[in-house]
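Here's the structure, in structure tokens; my notes come after.
The values are calculated or read from the model by the stated rules, or taken from the named source; none is laboratory data. None of these values were measured; they are calculated from a predicted model. Here the Cβ positions follow ideal geometry from the backbone for every residue, glycine too, while neighbour counts run over all protein chains shown. When the accessible area is computed, the model is the full protein with side chains, heavy atoms only, and any ligands, DNA or RNA have been set aside. Shrake-Rupley method; radii C 1.70, N 1.55, O 1.52, S 1.80 Å.
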Amino acid sequence: MSTNNLSYNDQGGSDSAVEVGQETTPTSSNAGAGFGLFSTNFKKNDDLKEMLESNKDSLKLDAMKRIIALIATGKNASELFPAVVKNVASKNIELKKLVYVYLVRYAEEQQDLALLSISTFQRALKDPNQLIRASALRVLSSIRVPIIVPIMMLAIKEAASDMSPYVRKTSAHAIQKLYSLDPDQKEHLIEVIDKLLKDKSTLVAGSVVMAFEEVCPDRIDLIHKNYRKLCNLLVDVEEWGQVVIITMLTRYARTQFTSPWKEDGLFDENSETAFYESDEKKTKNGDEKKSYMMDPDHRLLLRNTKPLLQSRNTAVVVSVAQLYWHLAPKHEVGVITKSLVRLLRSHREVQYVVLQNIATMSIQRKGMFEPYMKSFYVRSTDATHIKSLKLEILTSLANEANISTILREFQTYVKSQDKQFAAGTIQAIGRCATNISEVTDTCLQGLVLLLSNRDETVVAESVVVIKKLLQTQPTQHSDIIKHMAKLFDNIAVPMARASILWLMGEYCERVPQIAPDVLRKMAKSFTSEEDIVKLQTVNLAAKLYLTNSKQTKLLTQYILNLGKYDQNYDIRDRTRFIRQLIVPNEKSGALGKYARRILLAPKPAPVLESTYKDRDRYQLGTLSHTINTKASGYLELSDWPAVAPDQSVRNVEVIEPVMIHLYFYYPCPLITQALHQGWSIHFNTAESDEEKSSSQSSEESDKSSSQSEKSSSESDSEQKKTTKKPPQKKTVKPTAKDRYYNELFNTGYTVLSQSKCLSRSLFSLCILTPCPLSCAAALLQVSGPAFVPEKRHDLLHRMTGKGLSAQYQFPRQPCLYQPTMVSVQISLTNTTDHPLEQIHIGDRGPTGLDMHCFNTVECLLPEASVTVSLGVDFNDSTQAANFQLCTKEDQFSVSIQPAVGELFLPATMTEQDFRKEQGKLLGMNESSATITMAAENTTRQPISRQVATVANLGVVPSGQDNIHRFAGKTASSGAVVLVTVELRESSAALITINTEKSVMGPMLLRDLKRALTRA
């Protein structure tokens, strides 16, 4: 190791060192000096390839370490894939681990090469080393090819029953990958998830809940029996698993428990009183007062998540905070305050998310964070978005008691060099003035003083805020309007100028001398103003025309003429509308009578609200809450149920475990398997009678004490349940099954059990068989075949089969055995002079192939023939189905190789439905090619015949003579297959195939091109 470390330091320590895994090429002085910058190093990584192909494991291990170092630094090492994948079967454990790390990274990019080693991965799934088994499954699930879906499904099922929790955790991760690759496997994956949810390992819990959230988040019924176990395991689960479990349990609790926020009820935490006192509690007036009784499982969740508020992981703390916010009674939510404030000392990214959650909380419950108000003061080192969030929170926390302190803080913020932050502070001052009427005048005076500020941004924002505040009390602040009119010439920001013009027009009757003069100035500069200023100028002219037409009539006509020819169509339209409204003529209708009521109608005062007011509709801590938009995959929290669902669904029947007493140590792999399956095993050595009696007495005393503790805890948690007598201990005699197990061990083990506990055998051998693919929803109506080819294919030649000849053909009929299978007819012929007996199918392959065999042919006479039917699920692949055709004496290896067109079922649909489905299958789901068709194939009938010969597709009616459409679906997964043949000029045609099966599309296109181009 020391030499390896030294070599790394030597390679990366100096400036002149060569990058890891690369070699320099010696060049001539002239060429190197002139073109060294543009030269290509063709010997790049050659040294690594040589090391990987050597016979020494030490060199290979060193090469893999350097390759992993390349990947860690962001370098592309994909060109080494062929050299690396050769070492996947190495016997060196360390080397194999590094190879699998590499393959996980590049298996998805180099799928073809990875498929060549798939048998090695399958063997590695049985490796004794748990890391190798897990790595093999990880690589297998990284190969995103639909053809290996059955293999992945089988591997996941086997890994879910593995003795190692690390492998079971990896199987939970692979579930999500397989579901994204083939959603049709959902039902089978749910079965695996249900099994893994029952796992007691904390290493598996977080991963399987994540798989549950991805595959079947609506299957709440899977959580019922595991709810209490997840709550109790929560503290020991790894941090990111805690986040996933808490989020899931939050949604679960909102569907299973009643609301603890009932305002008309009394919160009764002491259920002892509720049990022993009268069921009906009445007030002095005789009215019944409802008391809220929290479900013990609800309390269990809150109690077990509270310690996680001290977690070092920010995401865990935020998850617990959102759980308490959405689930806890209002008087208990305050426990999350200190933990959230503690997170404000973290990085700015963490601060941003935490402050967003606090901003939402502070709007509804100000009292939670008011004692920590100083924690939200802005620091000079804060980023702008952090400053804006702190402003939001300070504004929400403002009240009559602390407003003076907050306003003094705001005065400092207005002087900030950050213009965006200063503008936000002015908006915050306006919100405080609106919410607290006692400081409205003070805030207005301060904002008016800001109008003389040198910064245009501060002045503009002040004008906008003053405009909104003046709408609340316009009669008392005419002096402020006059002051703003005087500053109009010095303000250049368009929004501020537009706000002043709006104020002039809205309250023109209160400033009759100033408003016409402002309009006169605007008439001079109308053509150079921004669009928003021009619109408000037109509005001001219209209002002054209605209130003071003597002074402003000519000015109004002039401005309307300018607006009539403006470049912006909005301004032109507004000008025409205003002219017809205020200037009556013969063409104007009755609307002109209401011009004053339309333009001078009293406007409601604007409400200055926080931008975080409506964000509580999203669950806190989620991406949707952060971006204030429903993100993809967001699961909404349901409303509290009016009546709590049945609590008994979470009760788990406790079965006494089988006791296996080992009187002396004997190594046996079945013991490890028994421990994994939840069996209780006691290891005992030979003891004297006194030791046995003393141990028995101590066990009985322990049992009695544990039972007393259990009964006391049950009485505390479950008040309405009547106390039950503990079951008396009974001596159980060994049964016949127990004696069988003793004989099976033959090592002196004694198995004591109750008969009802022996529902599963400890020593049963579980053989996992390939699970058939789930049938996709039948979106299309399957029709009869348009054409059935009579061509037969040789399955077994009579010379090879010792007189037994076999041919097969595809009848193109739906399979009777299973909808996902392709029907195959096999014709068996006996060419010998003696009968052939017991003709049947033997071993089949590849692994995961689902085949329905024909019944055994007991006897086939000489020169006789018989036709049998076979069903094969090819899994939407042209991979050959290999099996053995056996007789009583011999067995022959044969294979059925399907053409891609035989894997479809014809379907009927309308032209409109065809186009709709075709629109969903564009981009990578579309394959097309332009061909020159044979002269005989340019009419409808030959085209239909040629397409039907190649593929089992149905004809779709077409309203166009030059376009021919065909539709079908794959037999295994039900994926839609659409074919379009569009005829063009001079015998040219465009063939387009739309299907989500990206491998089958090009293969079908190739066959159609060959059929349509030949005569």
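Scanning the stretch 505-513 finds one or more residues that are among the β-branched types (Val, Ile, Thr) and either in contact with a Ser or Thr (Cβ under 9 Å, 6 or more places away or on another chain) or over 20 Å from LEU608 (Cβ atoms) (or both).
Here ALA542 clears all of (1) open to solvent by less than 60 Å² (accessible area, probe 1.4 Å); (2) in contact with a Ser or Thr (Cβ under 9 Å, 6 or more places away or on another chain); (3) under 23 Å from ARG596 (Cβ atoms); (4) free of Cβ contacts under 8 Å to residues at least 40 places away in the same chain except the condition numbered (4). Given the condition of a type in the set (Gly, Ala, Ser), in a helix (DSSP H, G or I) and either under 19 Å from VAL209 (Cβ atoms) or modelled with pLDDT of 85 or more (or both), answer yes or no: does some residue in the stretch 143-159 qualify? Scanning the stretch 143-159, I find at least one residue that is of a type in the set (Gly, Ala, Ser), in a helix (DSSP H, G or I) and either under 19 Å from VAL209 (Cβ atoms) or modelled with pLDDT of 85 or more (or both), so the answer is yes.
Suppose the filter is assigned to a helix (DSSP H, G or I) and either more than 30 Å from ALA398 (Cβ to Cβ) or modelled with pLDDT of 80 or more (or both); does THR475 pass it? For THR475, the condition - assigned to a helix (DSSP H, G or I) and either more than 30 Å from ALA398 (Cβ to Cβ) or modelled with pLDDT of 80 or more (or both) - is not met. For the stretch 816-855, a residue qualifies if it is surrounded by 13 or more Cβ atoms within 10 Å (Cβ to Cβ), more than 22 Å from MET152 (Cα to Cα) and free of Cβ contacts under 8 Å to residues at least 40 places away in the same chain, and the qualifying residues are THR829, ASN830, THR831, THR832, PRO835, CYS853, PHE854.
Based on this model, can you work out whether ALA989 counts as open to solvent by less than 10 Å² (accessible area, probe 1.4 Å) and under 26 Å from LYS791 (Cβ atoms)? Against the criterion (open to solvent by less than 10 Å² (accessible area, probe 1.4 Å) and under 26 Å from LYS791 (Cβ atoms)), ALA989 qualifies. Scanning the stretch 867-926 for residues that are of a type outside the set (Asp, Glu), in contact with a Leu (Cβ under 9 Å, 6 or more places away or on another chain) and either open to solvent by 70 Å² or more (accessible area, probe 1.4 Å) or part of a helix (DSSP H, G or I) (or both) turns up THR867, GLN879, ASN882, LYS888, GLN891, SER893, VAL900, GLY901, PHE914, GLN918. Just one of the listed residues (ARG497, ARG520) is touching a helix residue (DSSP H, G or I) at 6+ places or on another chain (Cβ under 8 Å), of a type in the set (Lys, Arg) and buried (at least 16 other Cβ atoms within 10 Å of the Cβ), namely ARG497. Report, by residue number, each residue of the stretch 601-655 that is under 15 Å from THR360 (Cβ atoms), among the polar types (S, T, N, Q), in contact (Cβ under 8 Å) with a residue 60 or more places away in the chain and in a helix (DSSP H, G or I). THR626 - this is the single residue of the stretch 601-655 that is under 15 Å from THR360 (Cβ atoms), among the polar types (S, T, N, Q), in contact (Cβ under 8 Å) with a residue 60 or more places away in the chain and in a helix (DSSP H, G or I).
The set of residues in the stretch 944-973 being crowded, with 21+ Cβ neighbours inside 10 Å and not in a strand (DSSP E or B) consists of GLN946, VAL947, ALA948, VAL950, ALA951, ASN952, LEU953, ALA971, SER972, SER973. Restricting ILE532, ILE559 to residues that are farther than 30 Å from ASN435 by Cα and either part of a helix (DSSP H, G or I) or touching a Gly at 6+ places or on another chain (Cβ under 7 Å) (or both) narrows the list to ILE559.
Restricting attention to the stretch 594-645, the residues being surrounded by 13 or more Cβ atoms within 10 Å (Cβ to Cβ) and either aromatic (Phe, Trp, Tyr) or touching a strand residue (DSSP E or B) at 6+ places or on another chain (Cβ under 7 Å) (or both) number 4. PRO307: open to solvent by 20 Å² or more (accessible area, probe 1.4 Å), in contact with an Asp or Glu (Cβ under 7 Å, 6 or more places away or on another chain), farther than 30 Å from ALA422 by Cβ and of a type outside the set (S, T, N, Q), yes or no? So PRO307 fails the test.
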